[in-house]
Amino acid sequence: MSTPDTGGYGAQGPYQTDPNQPSAETTAYPTTTATLPPQGPPVKKAAGLAIAALVVGIGAFLFGLVPVFGALVGIAAVVLGVLAVRKQQSKGMAVTGIVLGAIAVVSSLAMAFGLGAIMSGASDDAPVAAAVETSAPVEEVASPAASETSEPAQEAQAPEPVAPAVPVEYASALIQAESYSSMLNMSKAGIYDQLVSEYGGQFTPEAAQYAIDTIQADWNANALAKAKSYQETMAMSPEAIRDQLTSEYGEKFTPEEADYAVQNLGS
C-alpha cells in the first residue's frame, strides 16, 4: 500500500505550528507602559510689593492734602510700585499704587506752596500796617502859657559854632608826618622839609606847618633813637653823633634834643 504524498512538509502540513511555543509577534516586540510622576498645583508668583504699593498708595491719596507728609508717603508708594513692576508682580496693583502716590505727591506739594505763599503775604502786609499806624501824626494841644514861655527859651539858646572842616591836603600831610615820626624817628624840621620837598611829599607850606603843629611826637625820644642807630651801625663817637643830629645836612634836631640823646646813649 502506498502513503499519501505530503509534498515534503511532513504529516502536519506546511502552516501548522506548535501551540505551546510563543509566536514571533509576541516575542520580537515586547511592549511597556511609562508612568509619569504626579504634578503639583501651579506655583503662584509673590505679590507682596504690589500689595504694599497699593496699600501705601491709598494711604498717600488720603493724606495728599497734608503738606510734606503726603508727599513723603506718595514717594514711598511710587517706589514700591516700581519695584513690584520690575519683579513682575501684580501689574494692576503696582500701577494703581504708582498713580495714587504720584497724585498724592503733586497735591501735597501744591498745598505746601500755597500755604507758604499765604504766610509770606501775611508777613509782608504786617509791617506795612504797623508803619501806617505809627506814621499817623499825633496832634498835641499846647496851652497858650506853654507856647509863650517856650519862645523866649528858644531865642535865648545861641547856635553852637560849627568847627571848620580840615582840608584834605592838611589831613594827608598830618598822616604822612606821623609816619615819618613813628617809623623813621625824624626831627620836626626834618619832617617839615620832607613834606614840602619836591622830591618828597610836595605839600604846601601851610599844610606842612599844620602837620608839624598838630602832630603828637616825642622829639627827644626820636633823637635818642637816631643816636643809638648811629652808635650801633656806624660806631660813631658821642660828639660825632651830636654833630650829625644837629647838622643842617643831617637830622636837624635842636641842640637840646641832641644833648638829651647823647646823655642817654647808655640807657
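The values are calculated or read from the model by the stated rules, or taken from the named source; none is laboratory data. From a predicted model like this one, the values you see are computed outputs, not experimental measurements. Here the Cβ positions follow ideal geometry from the backbone for every residue, glycine too, while neighbour counts run over all protein chains shown. Quick note on the areas: whole protein, heavy atoms, side chains included, nothing else; ligands and nucleic acids left out. Shrake-Rupley method; radii C 1.70, N 1.55, O 1.52, S 1.80 Å.
Restricting LYS188, LYS228 to residues that are under 57 Å from the mean Cα position of the chain (by Cα), surrounded by fewer than 18 Cβ atoms within 10 Å (Cβ to Cβ) and of a type in the set (Lys, Arg) narrows the list to LYS228. Report yes if GLU178 is without any contact (Cβ under 8 Å) to a residue 40 or more places away in the chain, over 30 Å from GLU239 (Cα atoms) and among the charged types (D, E, K, R), otherwise no. When the stated conditions are applied, GLU178 does not pass them. Against the definition (of a type outside the set (D, E, K, R), within 31 Å of the chain's Cα centre (by Cα), open to solvent by less than 60 Å² (accessible area, probe 1.4 Å) and modelled with pLDDT under 75), how does PRO127 come out, yes or no? For PRO127, the condition - of a type outside the set (D, E, K, R), within 31 Å of the chain's Cα centre (by Cα), open to solvent by less than 60 Å² (accessible area, probe 1.4 Å) and modelled with pLDDT under 75 - is not met. For GLN244, the criteria (1) surrounded by 18 or more Cβ atoms within 10 Å (Cβ to Cβ); (2) assigned to a loop (DSSP other than H, G, I, E, B); (3) not aromatic (Phe, Trp, Tyr) hold in every case but one, which is (2).
Could you tell me whether ALA177 is of a type outside the set (Asp, Glu), out of contact with any Gly (no Cβ under 7 Å at 6 or more places or on another chain) and closer than 16 Å to VAL262 by Cα? Considered against the rule, which asks whether it is of a type outside the set (Asp, Glu), out of contact with any Gly (no Cβ under 7 Å at 6 or more places or on another chain) and closer than 16 Å to VAL262 by Cα, ALA177 comes out as no.
Got a sec? Which of THR31, THR6, THR26 is of a type in the set (Val, Ile, Thr), surrounded by 10 or more Cβ atoms within 10 Å (Cβ to Cβ) and at pLDDT below 70? Sole residue among the options that is of a type in the set (Val, Ile, Thr), surrounded by 10 or more Cβ atoms within 10 Å (Cβ to Cβ) and at pLDDT below 70: THR6. If the condition is being under 34 Å from the mean Cα position of the chain (by Cα), open to solvent by 40 Å² or more (accessible area, probe 1.4 Å) and among the β-branched types (Val, Ile, Thr), then the range 79-107 contributes VAL79, ILE103, VAL106. Of the residues TYR199, TYR249, TYR170, TYR260, which single one is open to solvent by 70 Å² or more (accessible area, probe 1.4 Å), in contact (Cβ under 8 Å) with a residue 24 or more places away in the chain and among the aromatic types (Phe, Trp, Tyr)? Step by step, each of TYR199, TYR249, TYR170, TYR260 is checked, and only TYR260 is open to solvent by 70 Å² or more (accessible area, probe 1.4 Å), in contact (Cβ under 8 Å) with a residue 24 or more places away in the chain and among the aromatic types (Phe, Trp, Tyr).
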